[in-house]
Amino acid sequence: MRLSGTLALCWLALSPLAAAQTVVNHPFNTGVVATYTFESGPNTAFFDYFDSGGSGGNYSLNSVAASSVVTFVAPPGRRIRVTFSAFQTEATWADRLYVYNGADTTAPIIPSANGAPGIVDCAAQGWDATTAPNNAGPNVLDSSGNALTFTFCSDSAVTQTGWAARVELVPTATASASVPVPSMSDTALAALAVLLALVAGANLRRRTLR
């Protein structure tokens, strides 16, 4: 199908927004909270979230939870979903990812079944080994409000491949449960409305000229 110049411009404007994303590597001992806000600008429709080693490396040793913090913030009234596609940290000695159900580490923790601290450094209730953080099904984590905060602790010896996750907005209640609806920003939806209106107008003109 060929698009007219106007329709092509609308499509080019819409396509990046529908798939916009930012890669987030977990901070390593920065001492500053890294904050990522949905729909706050280009490439913020969703986030691809990795450990400090990124998509192709192991996480760093000696990560201090209090200084290795990242927070994801959704628009008011929206919730966040994190879906892990990979998770592997050191077990027993316990390198752990901690999840807080809010905008900082004073929010309630979303606990794992690890009721005891790791052998060396890391506190209880963090997620380790091959069990990804979850509360909404295997490998799936949902916030109860509009923010989630993560911290990470690792010891000085063994490192692992870490994690990979997609961080996105939970679909709104108006979306059909039987028909998946991709998360789109208000700008993307407006561009789609313009595109549909142009197509409808072109069809009407063709019928009028016949």
(message) Please verify whether L148 is touching a residue at least 60 places away in the same chain (Cβ under 8 Å), within 17 Å of V73 (Cα to Cα) and crowded, with 16+ Cβ neighbours inside 10 Å, treating the condition exactly as stated.
(response) yes
(request) Go through (1) surrounded by fewer than 15 Cβ atoms within 10 Å (Cβ to Cβ); (2) within 22 Å of N29 (Cβ to Cβ); (3) modelled with pLDDT of 95 or more and name the single condition D95 misses. (result) (1)
(request) Would you mind stating whether F46 is among the aromatic types (F, W, Y), within 22 Å of P171 (Cα to Cα) and either surrounded by 15 or more Cβ atoms within 10 Å (Cβ to Cβ) or modelled with pLDDT of 95 or more (or both)? (result) yes
(message) Could you tell me how many of the residues in the range 49-82 are touching a strand residue (DSSP E or B) at 6+ places or on another chain (Cβ under 8 Å), part of a loop (DSSP other than H, G, I, E, B) and closer than 21 Å to G118 by Cβ?
(response) 8
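Residue-by-condition table, conditions (1) under 15 Å from F50 (Cα atoms); (2) under 14 Å from the mean Cα position of the chain (by Cα); (3) at pLDDT below 95:
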site: I110; (1), (2), (3): no, no, no
site: N114; (1), (2), (3): no, no, yes
site: N146; (1), (2), (3): no, yes, no
site: C153; (1), (2), (3): yes, no, no
site: L169; (1), (2), (3): no, yes, no
site: S178; (1), (2), (3): no, no, yes
(request) Identify all residues within the range 98-123 that are under 29 Å from G41 (Cα atoms), buried (at least 18 other Cβ atoms within 10 Å of the Cβ) and of a type in the set (S, T, N, Q); write none if there are none. (result) N101
(message) I'd like to check something: does the range 62-70 contain any residue that is at positive phi and in contact with a helix residue (DSSP H, G or I) (Cβ under 9 Å, 6 or more places away or on another chain)?
(response) no
(request) Name the single residue, out of those in the range 112-126 being touching a strand residue (DSSP E or B) at 6+ places or on another chain (Cβ under 8 Å) and not charged (D, E, K, R), that is nearest to L97 (Cα to Cα). (result) G126
(request) Scan A164, A173, A191 and give me the residue that is modelled with pLDDT of 70 or more, in a loop (DSSP other than H, G, I, E, B) and either among the hydrophobic types (A, V, I, L, M, F, W, C) or surrounded by fewer than 11 Cβ atoms within 10 Å (Cβ to Cβ) (or both). (result) A173
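The values are calculated or read from the model by the stated rules, or taken from the named source; none is laboratory data. None of these values were measured; they are calculated from a predicted model. Cβ sites come from the backbone with ideal geometry, for glycine too, and all protein chains shown count toward neighbours.
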